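A.B. asks: Please see the structure below; I have some questions.
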Amino acid sequence: MNLRAVGAIYKFEMARTWRTILQSIVSPVVSTSLYFVVFGAAIGSRISEVQGVSYGTFIVPGLVMLSVLTQSIANASFGIYFPKFIGTIYEILSAPISHVEIVLGYVGAAATKSIVLGLIILATAGLFVPLHIQHPVWMLSFLVLTAVTFSLFGFIIGIWADGFEKLQMIPMLVVTPLTFLGGSFYSVNMLPPTWHSIALLNPVVYLISGFRWSFYEIADVRVEISVAMTLAFLAICMTAIWWIFKTGYRLKR
Amino acid sequence: MAPVISVSGLSKTYASGFTSLNNINLAIERGEIFALLGPNGAGKTTLISIICGIVNASAGKVAVGGHDINAAYRAARSLIGLVPQELHTDSFESVWATVSFSRGLFGKPKNPALIEKVLKDLSLWDKKDAKIITLSGGMKRRVMIAKALSHEPQVLFLDEPTAGVDVELRKGMWDVVRELKAAGVTIILTTHYIEEAEEMADRVGVINKGEIVLVEDKAKLMQKLGRKRLSLQLQHRIDAIPEALTPYHLTLSGDGWRLAYDYDTKGERTGITSLLGDLRAAGIRFVDLETKQSSLEDIFVSLVSQ
């Protein structure tokens, strides 16, 4: 394996993060902090407990997951789309590196950024609401698994997109609504039966449910199902990327 | 010695149906400078892009250093440095960072001394910490060359390397290319500047409409296809060429003071001796004469216009 190439891509992408730290780290942390201020401290105090935890505490895993999902997609999609846009992708395609190594470099950097961001948001949340994590290893596992899976998904979007509008389309029109409706701010068990059934079609429900379980041992679906659904989505993304490199879709003419 | 690049039966048809390359067969010898000439859209960049792994071939085989570019892509690509035609650069990176990135991408360990030498050779050392966005077009072009040289390639593709570069800088680049050749690097050069090929190349390949029209040693090509022109400055102005001189197909200048005679250098008899005799017999005297060899550009134009 060409580990130096993986390292070169990884460091290059991470360097971009530090160059744009306001946009990459500070901005999402400030946005999420506002959620905690509004829903945790201001409105949250007037909302009754959800499944035995205060509302402000209840929404922490969902908000962390919201940031990790959106940032994973944004980081990875931009990371691979930008070289395509400015033409520097020629260097990646002509280098002696395998498809796996390319993905490791880009997705590894995107996932790292998301995980760091998720942990910063978690630490920030601790400033606003009381926080406890029942299963820290599982929490970290869900965080890493989600960051990697959605970074892979972002990588696919970055390759598929042939313009900045398309780059934003899936995250804005699909991922954000699914995340908001996936139980970030409520338990899907609170929904009427019909909407509850529909909500279970949303893959994000399983991610948030599993992640929340690792914090408070409360979940909308069984944790095994959450893990299985996340792994299934990971497998789908990996298959799609394998096909992209096999065919050269939107990479090679 | 086996060729460093071997292309056989290579074809490329794009999804649009446009055939860019049609059954290309080509062998590039180790250590030579090979100039690939052709008009716009002839297929030069497509050919290079396939060899480098950027474009998929529709048919055919390519080997670099004996390694198939698909089956043994790592070994093949690690030998290649590419300077593309377009100025694709990361605007917000420093020169040092982007050149070092290229070396890492090719799996080479850090070597600051080498990067320093490359940047100094290309007169970029004082710009090593500058962001690429602040550089001129010529400097960006040199950064592209530095990136390609950073991983010590054995085969270097220069796709229009001196486009938009001023004359002084162009000559500087030629010096770098000569040094690389002296170090044993094989160089494949595409250019619109015919004088560049004439100056630099050992062999010339002409590609037109996706097909290789010819591959020839430059000197032999110029000898084989080159024509010479004999120009005579007359002592007295003439209004027309005498009928006795018709077999020579002479050309009279508009002012009537110069006669031109084109002849084939490869012929045993050039016809000059008899022409001079017949001129004398016709009473035409001249005060000066000069001969001029047709340039590679003339040869190129005549080939692609066929």
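The values are calculated or read from the model by the stated rules, or taken from the named source; none is laboratory data. These figures come from a predicted structure and were not determined experimentally. So basically every Cβ, Gly included, is an ideal-geometry build from the backbone, and we count neighbours across all protein chains shown. Just so you know, the surface numbers come from the protein's heavy atoms only, side chains and all, with ligands and any DNA or RNA stripped out. Shrake-Rupley method; radii C 1.70, N 1.55, O 1.52, S 1.80 Å.
A.B. asks: Restricting to the protein assembly as shown, compute how many DSSP beta bridges are antiparallel as a %, nearest 5.
C.D. replies: Within the protein assembly as shown, antiparallel bridges account for around 70 percent of the total.
A.B. asks: From the protein chains alone at 1.4 Å, what is the descending order of accessible area for A:His196, A:His99, largest first?
C.D. replies: Accessible-area ranking of A:His196, A:His99, largest first: A:His99, A:His196.
A.B. asks: What ranking do B:53-60, A:151-158, B:234-241 get when scored by the average of other Cβ atoms within 10 Å per residue, highest first?
C.D. replies: A:151-158, B:53-60, B:234-241
A.B. asks: Please list, in chain and number order, the residues 5+ apart from B:Ile5 or on another chain whose amide H is under 5 Å from its amide H, with Hs placed from the backbone.
C.D. replies: B:Ile28, B:Gly65
A.B. asks: Calculate the mean, over all residues of peptide A:247-253, of how many other protein chain Cβ atoms lie within 10 angstrom of the residue's Cβ.
C.D. replies: Other-chain Cβ atoms within 10 Å of each residue's Cβ, averaged: 3.
A.B. asks: Give me the extension gain from B:Asn70 to B:Gln235: residue separation times 0.36 nm, minus the current Cα-Cα distance, reported in nm with one decimal.
C.D. replies: 52.6 nm
A.B. asks: Now for a different question. Take peptide A:79-91, look around each residue's Cβ out to 10 angstrom, count Cβ atoms belonging to other protein chains, and average those counts.
C.D. replies: 4
A.B. asks: How much accessible surface does B:Asp288 have with a 1.4 Å probe, in Å² rounded to 10?
C.D. replies: Near enough 90 Å² of accessible area.
A.B. asks: Give a residue-ordered list of calculated ³J(HN,Hα) values for the range B:282-290 (Karplus: 6.51 cos²θ - 1.76 cosθ + 1.60, θ = phi - 60°; whole Hz; x for Gly, Pro).
C.D. replies: For the range B:282-290, the Karplus curve yields 7, x, 9, 10, 10, 9, 7, 8, 8 Hz.
A.B. asks: Per DSSP H run of n ≥ 4, the term is -39500 (n - 2.57); total these for chain A, divide by its residue number, and report the mean residue ellipticity at 222 nm rounded to 500 deg cm²/dmol.
C.D. replies: -23000 deg cm²/dmol
A.B. asks: Working with all protein chains in place, sort B:Thr273, B:Thr46, A:Thr20 by solvent-accessible area computed with a 1.4 Å probe, largest first.
C.D. replies: If we order B:Thr273, B:Thr46, A:Thr20 from most to least accessible, we get B:Thr273, A:Thr20, B:Thr46.
A.B. asks: Counting other C-beta atoms within 10 Å, and keeping those with at most 15, which DSSP coil trypsin sites (Lys or Arg not before Pro) do you find in the range B:62-126?
C.D. replies: Those satisfying the criteria are B:Lys110.
A.B. asks: Give the average, rounded to an integer, of partner chain Cβ atoms located within 10 angstrom of each Cβ in B:77-85.
C.D. replies: For peptide B:77-85, the averaged partner shielding equals 3.
A.B. asks: Under 5 Å between amide H atoms, partner at least 5 residues away or on a different chain: which partners does B:Val213 have, H built in plane at 1.01 Å?
C.D. replies: Residues meeting the amide H criterion: B:Val206, B:Ile207, B:Asn208.
A.B. asks: Next up: Between B:Leu21, B:Leu79, B:Leu289, find the one with the highest GNM mean-square fluctuation for chain B; connect C-alpha pairs within less than 10 Å.
C.D. replies: B:Leu289
A.B. asks: Moving to a separate point now. Once a ≥ b ≥ c are taken as the square roots of the eigenvalues of the Cα gyration tensor of the range B:88-193, is the result rounded (a/c under 1.5), prolate (a/b larger than b/c) or oblate (a/b not larger than b/c)?
C.D. replies: Oblate.
A.B. asks: When a/c reaches 1.5 or more, the comparison of a/b and b/c decides; with that in mind, is the range A:23-63 rounded, prolate or oblate per its Cα gyration tensor?
C.D. replies: oblate
A.B. asks: Something else about it: Suppose every Lys and Arg Cβ carries +1 and every Asp and Glu Cβ carries -1, with no other charges. What dipole size does the range B:1-140 come out with about its Cα centre, to the nearest 20 debye?
C.D. replies: 220 debye
A.B. asks: Next question, about the same structure. Normalising by the residue count of chain A, find the relative contact order in percent from Cα pairs under 8 Å and 6+ residues apart.
C.D. replies: The value is 25 percent.
A.B. asks: Can you give the net charge of the other residues whose Cβ lies under 12 Å from the Cβ of B:Val62, counting K and R as +1 and D and E as -1?
C.D. replies: Its environment carries a net charge of +2.
A.B. asks: Report, in debye and to the nearest 20, how large the dipole of the range A:109-246 comes out about its Cα centre when Lys and Arg carry +1 and Asp and Glu carry -1 on their Cβ.
C.D. replies: Using only the charged Cβ atoms, the result is roughly 140 debye.
A.B. asks: Across the range B:2-13, in residue order, what do the Karplus-derived ³J(HN,Hα) couplings come to in whole Hz, using 6.51 cos²θ - 1.76 cosθ + 1.60 with θ = phi - 60° and x for Gly and Pro?
C.D. replies: 5, x, 6, 10, 10, 10, 9, x, 7, 9, 9, 10
A.B. asks: Okay, moving on. Hey, which of these cross-link pairs are over 31 Å Cα-Cα: A:Lys252/B:Lys108; B:Lys61/B:Lys220; B:Lys140/B:Lys292; A:Lys166/A:Lys252?
C.D. replies: B:Lys140/B:Lys292
A.B. asks: While we're here: With only Lys, Arg, Asp and Glu charged, each at its Cβ (+1 for the first two, -1 for the last two), find how big the charge dipole of the range B:89-163 is about the Cα centre; round to the nearest 20 debye.
C.D. replies: With Lys and Arg at +1 and Asp and Glu at -1, about 140 debye.
A.B. asks: Show the residues, 5+ positions off or on another chain, whose built amide H is closer than 5 Å to the amide H of B:Leu36.
C.D. replies: When sequence neighbours closer than 5 places are left aside, the close amide H contacts are B:Leu189, B:Thr190, B:Thr191, B:Gly205.
A.B. asks: Can you return the lysines within cross-link range of A:Lys113? Criterion is Cα-Cα under 20 Å, with same-chain partners fewer than 8 residues away left out.
C.D. replies: Cross-link targets: A:Lys11.
A.B. asks: Shifting gears a bit: When a/c is below 1.5 the answer is rounded, else prolate if a/b is larger than b/c, else oblate, so apply that to chain A with a ≥ b ≥ c taken from the square roots of the Cα gyration tensor eigenvalues.
C.D. replies: It is prolate, given that a/c is not under 1.5 and a/b is the larger ratio.
A.B. asks: Additional query: Through the Karplus equation 6.51 cos²θ - 1.76 cosθ + 1.60, θ set to phi - 60°, convert the phi angles of the range B:72-89 into ³J(HN,Hα) values in whole Hz; use x for Gly and Pro.
C.D. replies: 10, 5, 4, 5, 5, 5, 5, 8, 9, x, 10, 10, x, 5, 7, 8, 8, 9
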